[in-house]
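Heads up: the structure comes next, in C-alpha cells.
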Amino acid sequence: MDYNFAEIEKKWQAWWAENQTFRVQVAPDKPKFYVLDMFPYPSGAGLHVGHPLGYIASDIYSRFRRLRGFNVLHPMGYDAYGLPAEQYAIQTGQHPEVTTAANIQRYRQQLDKLGFSFDWSREVKTCDPAYYKWTQWVFIRLFNSFYSYEKNKALPIAELVQAFEASGAAGLHVACGKELSFSAADWHAMSEKEKQETLMNYRLAYLGDTMVNWCAALGTVLANDEVVNGVSLRGGYPVEQKVMRQWCLRVSAYAERLLNGLDDIDWTVSLKETQRNWIGRSEGAEIHLPLTPSKGGGTGTLQKETGVPRKGVPHYHTTGKLYWNSNIDNARAMRKSPTQAENILWEMLRAKNMGYRFRRQHLIGNFIADFVCLEKKLVIEVDGGHHKAAGQKEYDEQRTCFLNEHDFYVLRVTNEEVLADTAAVLQKITRRLNVPPSSGGGRGEVVVFTTRPDTIFGVTFMVLAPESDYVPEVVTPRQQQAVNDYLASAKRRTERERMSGHKVTGVFSGSYALHPLTGEPLPVWISDYVLAGYGTGAIMAVPAHDSRDYAFAKQFGKELRAQLGGKDPVVPLIEGCDVSMESFDAKEGKMINSPQAGCPCRLTLNGLDVQEAIAKTKEYIEEYDLGRIRVNYRLRDAIFSRQRYWGEPFPVYYDACGMPQALPEEALPLELPEVDKFLPTGTGEPPLSRAAHWAWDSVRKKVVATADIDNKTVFALERNTMPGFAGSSAYYLRYMDPHNEEALVSRENNEYWRNVDLYIGGTEHATGHLIYSRFWNKFLFDLGVVCESEPFKKLINQGMIQGRSNFVYRIQNTNTFVSLNLKDRYDVTPLHVDVNMVSNDVLDVDKFRAWRPEFAGAEFILEDGKYLCGWAVEKMSKSMYNVVNPDDIVEKYGADTLRMYEMFLGPLEQSKPWDTNGIDGVHRFLKKYWRLFFEGDAFAVSDEPAGTQELKILHRLIKKIQVDVENFSFNTSVSAFMIGVNELAELKCRKRAILQPLTVLLSPFAPHICEELWSLLGRSGSIADAAFPEYEEKYMVENSFEYPVSFNGKLRFKKTLPLGIPAREIEAAVLNDEQSAKYMEGKTPKKVIVVEGKIVNVVV
RNA sequence: GCCCGGGUGGUGGAAUAGGUAGACACGCAGGACUUAAAAUCCUGUGGGCAGUAAUGUCCGUGCGGGUUCAAUUCCCGCCCCGGGUACCA
C-alpha cells in the first residue's frame, strides 16, 4: 500500500482537534514542562518556509517531553498590534482590526497544516481587549510604583509619599530621574501639582522629556532608522531633534538585577554577551570639578593668609602647609571613628539630596570642622559631652570667631538632638542652606564620570554634551553667541549622524574649571562627541589616553594650547604609550608622570600599574571627598509612547492641573476608540485625537464624548498608544491562565507552570523584547504576582532560513537566454527567475515563457538539452523570487516530510539556505519507513521475537535520538533514523517488537504517519500519550572491533580483534600480522600505541 | 573599532575529554525493472599520480607556524565570511 500522506495528515489533524489531544491542564502530580515559541506578528504575506523552523523544533521537543512523562504546556498566539497593519489602513482605509483578523486566520490555516501540538484553547491576541486589559493593568502598577535600592525592589508609590511627609527626600536611596533635595516642610508646602510633578521623578512608568527625531512635515516622531542624512526616509522631509514629553519605563532601575540574572539562566553565550553589552555596566568614579572663582562660589581668602600661593591650589584647600601637616592625621583619625550622631548626619548629608556637597573633619586654618559646605560657607559642629567643659567652651568660641571672620556660618547641634530628631536637624540645615548667597549663583562645579580615574593627571580640559544642564551655567557672555550657534547646529544633526560622521566639532564655553588635584585651570568646552544620556553628560578629557579626546585636542589644539598657557594638552601618563601609535588608550603598563614636588596634592601613582592606580585614585577621591565611587549603566529607560493608532491605549487621563492620573483598575480594559482616519492630525497630534469618544468621566467612571471635556469631572484621555513590546512582555504568563478575568495569572497556575523551560525564537529580539520581558517579569516578581524572577530559563535562537535564488542569463539586447555554463561566451545580464519554475537548477522553459508577457517569445541556448540556472544565497524575499511557501511543500510531500526536512537542513541555531532540491531524500525515507510495515498491499507486522541484530539497531537508535533531542541536534537525529530504517529494511524486519517502539521514537518528528501506523498496529488513543522506549545497554554490546592500524600516523590496514583482550595481545596480533612486515621495512618498532577500542599506531 | 559565532567534497552537512575525515542526504554518472514515464532498487562518486584491473601511492578540514605516536579538534600569529554593537568616557 502506498504512503498516502495527504489523506493521513488530514485525518489525524481532524482527529487531534476533535479529541483535544493537546489540551493541557494543571496536574500537580505530574512534572510540568513549558515550551514556548516567540509568537508571530501576522503579516499580510503569510508564512514562508523559514518561519516554521523554530515551531517545528519546539514541537518535536514538546512531543518528546510528553512521551517522557511531562505535562507539557505548548501554546501559541499572535503579536497582533503593529505598524504594517496601520500603514495598510492609512493607505486603504481598511480598519487594522479587519486586516489583522484576516491575517490571523490565514496564519492559523497554514500552521494547522503542519501538525503542531499547540494547545489552541490558550491562544492569545495582543489586540484583544480581554488580553490588553492586563497590559494596561501592569502599566497602572508601574505608574504607581517606585524603586528602592535599599530593599532592591519596587514598592508602592504611597510608601514614598509617606517618606516625603516624614523627612523629605533626605537619605532616600531610590531610583529617580534627577536627584532632588527637599525637606518634609518643603513637601508639605508644595501644591498638589508640584507634588505630582515631584512623584513623576520616581515612578517606574513616568512622563519624561526625551530627545526624539521629530519630522514636522509628517507630524510624527521617527525611529532612528527612519532618518537618513537628516531627512525622513519617507518623503525626504527635514527632521530635527526635539524634546518631547513621553511615557517612559524606568528599566534602568533594574539594570543591576537584569545583569546578575543572566548568570542563572541557560542562554547562549553570545545572547548573554549582547545583553551584557547593552546593559553596559561600568565601574568608575564621579569627580567634582569646581568652576573658577570668577564664575562659581569663591574659595575665600584663606590660602592667601596662610601663605600658600593661590595658583595651583585646589579650592578645597582651606589651610596652609604648616597647619595641614600638624592636623591632617588627627582629621583622618576622626573621619575613621565618627560618633554615632556624626555618622547619622554624615550619611544624610552625603546622600547629596541637600543639593550641596559637604566635607567632614575638614581643615580650615588651624581648626578641624566637623562638617562643612564650602559653597555655602556653612560649618556644622556636632557637640558631644566634652563641649560642656570650661576650657572647651572657650576654644569653641575662638573657633567660631575665626570662622565667622572668614565668612563661615557656624551651626551647632548636639549629639542628643541628632539622635532624637534627625529630621528636625536636617530641616535646620536646609533652612540655612536656602539662605540666598551673597554673590553669584549656581552650584559652581561640574561633575564628571570616568572609568579611568588613574588618568586624572592627564586631564587638560573638560567637555560637556550640548544638551547638558551645565551648559547655561558655564557659558560666559562673550561666548554666548558662539555657543548658541553651535547648539543650534547640533540640534539639526540627528543622533545617528553624530555617530557616523567623524567630523570633530565643538565650541569653548568661556569658563574654566579647576583640576581637583593640581588646581590647574581647565578650559570647559562643549562638543557633541559627549552624550548627554550617559554618565553625567560631562567628561574630563585625557587626550593622551583616549582617542576621542585626542581627536578633539588635535582639532582645537591651537586654542587649547593658548588656554593652557602654552602647554601641550597631551600629557602621557603610561609607560610605553605613544599617541602616534594605534592603541594609546592603554589599559596596561606602569604609570609615570605623576605631578612633581610643589604640587599640593598627596597622590602619587608612579610605578603602579593601571589597575593599582585606579584603585588608589578612587581611594584618594573618597578620602578627600572629591567625588564618589560609582557604577554606571549604559541601559536607558524605555520610551513607551507612540503616536500611533494600532496599539494599546494608556489607561490614563489628565486632571485639571494637566497631570496624568491612572484610571481605576475596575475600569479596565480601556478599549481602543474608533477614529475616522488612522493618520496623525494636521497639527501633528496622534491619531487618537480624532476619536469622538475619548474623554474620561471621573464620576461615572466611563469613557464619554470628547466634546464633554470640562476639566472638572470630565477629562481628556491620553492620546498616545503603547509600543510593540508592551503586549509581548507578559504573554508567556497569560498563557498559563488565559481566561482568568480576575487576574493576569492566578497564583495556582503560576506556581504550577512557573516560567518557560524552553524558549525558541529569533536573535533579533536580543535587546528589545528579551530585555523588556525580563524587566516586566522582575517587576511582577517584586509585586508578588509571579514566583520566578526570570521568565525564560533556557533560550535557543533558531538560525535564519535564507533564500536560494535562481538566475537566467539574457544575452544583451536580445530575448535569448543562455544556459549557465555557456554564458561566458556572450555578453549577458543575469535576471532573477522564480525558484518555483526551477527544479534541480533546471529551468522549466515553458513555465518561464508563460511567466511574463515579455518572455513569451524567449529563445534558449541549452546545454545537454537542458537550461541550467545559476544560483546564489540571498535573503528570502518576494523581490528575489525565491520565496517558498510551506503550503506548496505540504501539498507535494506532506507535512511530515516538511517537518523532517527542515530539521535535516542543518543545525537548528545555524543560518542556512533553503533548497527544496534535497527534500526527496527525506520523503524517500518516510516511504521506506512506511514500507517496513507492509507486504505488497497488506499490513504485515509479525509478532515474532526480534533478533539480536534488530535489537541492537533499535536500542542504538533509541539512545542516539534521546541524546540528540536533549541537545537539540535534530539534524543528526534525522540521519540516525535514516540509518536505522535502511538497516532494518536490509534485514526485512517486520517485527512489532522493533517497529512499535520505532514508531513512538519517530512520532515527535513525523506525527501524522506515526499516528496512522500506531492505529494500524492496533493501539488505541493518540501516540502522543505513548511512553518513550527505554534503551538497554545489554543489546548494544559489541564483542569485536575492527582496529585501524597505522604506521607513523598513517592508516595502512584494518584488523578485527576481540574486545576485552589485554593491550599487549593486541600489539602482538598486529605486529605478527603479515601486512605489518611491509610497513616496518625490517626495522623494530620504537613504540606501539594501543588505545583499546579505538586505534593501534606503530612508530617505526 | 570592539564583542560574539563560523570557514570541511559540486551542494546541505557529519565527526572535537586529540584516535579510521567526509556519516546521512542532495546532485551527478552508470545499471536493473518498464513499450515509455513515474516510482523503486543496485553500483560508483574528495583530488592528483601509476595501473587493463583488483589495487597502490601522495595530497587534502581558510593560511603560516608549534605541541603530540597521532591535530578538523589543543596553542601562537594571520586571512576571510556572518551576526551584534558603536563617540558609553
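Laboratory data are not the source of any read-out in this text; all were calculated from the coordinates shown. Quantities reported herein were computed from a predicted structural model and do not represent experimental measurements. Neighbour counts are summed over all protein chains in view; Cβ atoms, including those assigned to glycine, are modelled from backbone coordinates with ideal geometry.
Here, chain A is characterised by an Rg to Rh ratio of 1.06, where Rg is the alpha-carbon radius of gyration and Rh the Kirkwood radius.
Simple spin-label estimate for A:E854 and A:S911 gives 3.0 nm between the two label positions (7 Å along the Cα-to-Cβ direction from each Cα). Residues A:L142, A:L83 in ascending order of nearby Cβ atoms (within 10 Å, fewest first): A:L83, A:L142. Applying the Karplus relation 6.51 cos²θ - 1.76 cosθ + 1.60 with θ = phi - 60° to region A:869-883 yields 3J(HN,Hα) values of 8, x, 8, 7, 8, 9, 4, 6, 7, 3, 5, 8, 6, 10, 6 Hz, where x marks Gly and Pro. Spatially close Lys pairs in region A:879-1008, defined by Cα atoms under 29 Å apart and a spacing of eight or more places or different chains, total 25. Where both bridge residues fall in chain A, DSSP classifies roughly 75% of the beta bridges as antiparallel.
Would any residue of region A:1052-1092 have its amide N under 19 Å from a label point 7 Å out along Cα→Cβ of A:T948? List them or say none. It comes to A:1056-1061, nothing else. A simple rule links phi to the HN-Hα coupling: the Karplus curve 6.51 cos²θ - 1.76 cosθ + 1.60 with θ = phi - 60°, which for region A:12-25 gives 6, 4, 5, 4, 4, 5, 5, 8, 6, 4, 9, 7, 10, 9 Hz, with x for Gly and Pro. Only lysines eight or more places from A:K778 in sequence, or on another chain, were considered; those with a Cα closer than 25 Å are A:K32, A:K125, A:K133, A:K151, A:K153, A:K178, A:K272, A:K793, A:K794. Residues whose amide H lies under 5 Å from that of A:N71, counting only those 5 or more places away or on a different chain, are A:K32, A:F33; hydrogens are built 1.01 Å from N in the peptide plane.
Close amide-amide hydrogen proximity is noted between A:Y1043 and A:K1055, A:T1056, A:L1057, each under 5 Å apart and 5 or more residues distant or on a separate chain (H modeled in the peptide plane; Pro and chain starts excluded). Considering only A:T767, A:N740, A:N755, and ranking their Cα positions along the charge dipole of region A:732-788 that arises from unit charges at the beta-carbon of Lys, Arg, Asp and Glu, the one farthest toward the positive end is A:T767. Please work out the FRET efficiency for the pair A:T451 and A:E1065, using the Cβ-Cβ distance as r and a Förster radius of 56 Å; give the result to the nearest 0.05. Efficiency at R0 = 56 Å is approximately 0.30. Each of A:T135, A:F164, A:F725 was placed along the dipole of chain A (beta-carbon charges, centred on the mean Cα), and the one lying farthest toward the positive end is A:F164.
Scalar couplings 3J(HN,Hα) for region A:912-924, obtained by applying the Karplus form with A = 6.51, B = -1.76, C = 1.60 to θ = phi - 60°, are 7, x, 7, 9, 4, 3, x, 5, 4, x, 5, 5, 4 Hz; x denotes Gly and Pro.
With a Förster radius of 56 Å applied to the beta-carbon distance between A:H832 and A:D263, the computed FRET efficiency rounds to 0.75. Amide H contacts of A:K153 (H built 1.01 Å from N, in plane; Pro and chain starts excluded): A:S148 sit under 5 Å, all sequence-distant by 5 or more or on other chains. Only helices enter this figure: runs of n ≥ 4 DSSP H residues, each worth -39500 (n - 2.57), summed and divided by the residues of chain A, yield -10500 deg cm²/dmol at 222 nm to the nearest 500. By the rule of a C-alpha distance below 12 Å, with chain neighbours fewer than 8 residues away ignored, the aspartates and glutamates paired with A:K1087 are A:E1067. Considering only A:P84, A:I801, A:A513, and ranking their Cα positions along the charge dipole of chain A that arises from unit charges at the beta-carbon of Lys, Arg, Asp and Glu, the one farthest toward the positive end is A:A513.
In summary, the aspartates and glutamates within cross-link reach of A:K567, defined as a Cα separation below 19 angstrom excluding same-chain residues under 8 places away, comprise A:E520, A:D546, A:D549, A:E559, A:D578. Descending by average beta-carbon neighbour count within 10 Å, the peptides A:58-67, A:991-1000, A:515-524 line up as A:58-67, A:515-524, A:991-1000, the highest first. Structural descriptor for chain A: relative contact order 13 percent, calculated from alpha carbon pairs under 8 angstrom and at least 6 residues apart.
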